[in-house]
Every structure is written in structure tokens, then in C-alpha cells.
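The values are calculated or read from the model by the stated rules, or taken from the named source; none is laboratory data. Keep in mind that what you see is a predicted model, and the values were worked out from it rather than measured. For neighbour counting, all protein chains shown are included, and Cβ atoms are generated from backbone atoms with ideal geometry for every residue, glycine included.
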Amino acid sequence: MSEIATMTPSLWTWMSNPGHFMRWSGKAVPWLTALSLAALAVGLYQTFFVVPADYQQGETVRIMYIHVPAAWLGVFFYGAMSLSAIGTLVWRHPLADVAQRAAAPIGAAFTLVCLVTGSLWGKPMWGTYWVWDARLTSMLVLFLIYCGLIALWRTIEDPNRAARAVAILTLVGAVNLPIIKFSVNWWSTLHQPASILRMGGSTIDPSMLYPLLLMIGAATLGGSTLHLYTMRTEIMRRRVRTLTIREAERLDSGARRIVPAPAAAPLPQAL
Amino acid sequence: MFDLGSHGGFIVAAYAFTALIMCGLVGNALRDRAAQRRALKRFGEDRR
């Protein structure tokens, strides 16, 4: 009995089996998409029709409801990629590399949104689109790391070699995550210090904080759903690759059987 | 429509850019899925 108990795979192991993953994610994605869209609709309604204007920033504070979720997801997806990189290097789990590869473009897109919306918020509030302060620069570095990882995948043809190289580079780039988080504490920056996750609680008024948390939740749900969807596509791409290689091998061996070997040509005579 | 104040252009630009990138991201994911599904069909496999 105890042997059977130890042989039963954990829920995590079961879910991360590629075959099981395709089954449960196929059922979950439509529901998660509907839930994400509903949460986003409520969040946007609150952003534009319920949330008051800020007493200092006026209406421009509404940019915060896309800027902060985008910044969170840029960092969140890189954190997820770092965990996947460990899964690739330590356990060589096939789904770990799939998860990492699917996350990179999504994380890059959210980081770009964070940079551009921050810039559009900065111009009316700070008087400039860009300053080379620690928070802005470290987010730009995150975006460049994402671009570098995507480029590296495309450079190396062998998927196993690419997975290992990308996993190592991802873990090296993870050093940037604490720098992003604590940059506003370690250095004097134009960017404001942490106002949600900080010792002593949030400094944002509840009338703005709860809609912001809703938008963060909606964006996280939507981003994660898209990640599941693109992971499924990545698994399909690898299946196509495997089938293409098998087909090429089959055709190659068939050609060898059908085409008779050429008559032995006379060996060149040694001079 | 409500008044977004004197900096309304920045707010609209920020939301428009976000919408553009998100549409691109989702559109690319859908296009890629359709391409992989077509390729699988050529091998006689059909996945959703």
C-alpha cells in the first residue's frame, strides 16, 4: 500500500507532464480568457469612471493603472523565466524550456509598455520623457535582456543547446530583479519610492489602491492565460519539428532503398 | 465623454500604445497557433 502511495505522482508532476498539460490547459484557457476580460472590463470602468483624480497629478494619475500592472508583469514573467531556467538546468524538464520560451515575448511586451507609459506619464509630471535614473535604467536593461534572450533562441538551431544557453543567461540576468525593486531605496531617483509593497503598508488612498490592485490582478490573469496559450503553441511547434525530422528520415531511408547504389566506379589510381 | 484635463493627450497616447502592443501580442499568438495547427494537419494530426 505504501509503495502505491509513493508511486502516485504529485499534482504538480501530473500537471507538468506535457500530455496532461495539453489536456487541462485546453479546458482552462477559454474560462481564464473570459475571466480575464471580465476583470479587465471592471478594472477599466473603475479606472475611468470611479477613481478620483489625484490632488497633485490630476487626471494623469490614470496612466498609473496601466503603468504599474505592466511593470509588475515585466518583472513577474522574468521571475517565472528564472524558475523555469532552474527547471531546465537541474531537472531538464521539457515543459520548463517551453514555459521559458513562451514567457519571453510576453514579458518583453509588458516591459516595453511600462517604459513607454512611464515616459508618457513622466513628461507632464517631471517635465521630461526620460532620465537615466536607477529605476528607469534598470527597467530598460530588463527589456534589453528580454530582447537578448529572444535573439539567442533564434541564433542557436539545436533546441537543447539553445535551452541550456538561454537558461544560463536568464539566471545571470535575474541579478537585475532586486536592483529594479530596491533601486528607488539604494539611489536617489526621480522615480517615486515604493508605494504599494512597503514596510508600514501602502501610501495610496484606498479609493485608488483597490482599483489599482484589480487592474494588477486582471493583467496578471490575462498575461498568465496568454502564457498558457503560447505554451500550448510552443508544444505544437516542437511536435511539428519532431514530425518533420521523422518524415525527412523516412524519406531519406526510402530513397536509399529505392535508388540503387551506383555501380562501383573505378578507384582512382594512385599516381 | 469625460474631461481628461490639459494632459489628456498623454493619457490617450499611453492607453492607445498599450492597446496596440496587446493587440499585437494576442494577434501574433493567434497567427502562430494557426500556423502550427496547419503544419500538424499536414502530418495528419489535429489539435485544438
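General observations
- Number of residues in the stretch A:131-152 that are surrounded by fewer than 18 Cβ atoms within 10 Å (Cβ to Cβ) and within 14 Å of another protein chain (Cβ to nearest Cβ): the value is 1.
- Filtering the stretch B:3-48 to residues that are assigned to a loop (DSSP other than H, G, I, E, B) and surrounded by 14 or more Cβ atoms within 10 Å (Cβ to Cβ) leaves B:Leu4, B:Gly5, B:His7, B:Phe43, B:Arg47.
- Test: A:Ala99 is within 21 Å of A:Ala163 (Cα to Cα) and away from chain B (no Cβ under 12 Å): yes
- Screening A:Leu37 against (1) aliphatic (A, V, I, L, M); (2) out of contact with any Leu (no Cβ under 9 Å at 6 or more places or on another chain); (3) buried (at least 21 other Cβ atoms within 10 Å of the Cβ) leaves a single unmet condition, (3).
- Qualifying residue in the stretch A:204-218 (condition: more than 14 Å from chain B (Cβ to nearest Cβ), polar (S, T, N, Q) and surrounded by fewer than 20 Cβ atoms within 10 Å (Cβ to Cβ)): yes
- Residue check, A:Arg257 modelled with pLDDT under 90, away from chain B (no Cβ under 14 Å), over 29 Å from A:Ala38 (Cα atoms) and part of a helix (DSSP H, G or I): yes
- Assessment of the stretch A:60-77 against the conditions (among the polar types (S, T, N, Q) and within 9 Å of chain B (Cβ to nearest Cβ)) yields at least one matching residue.
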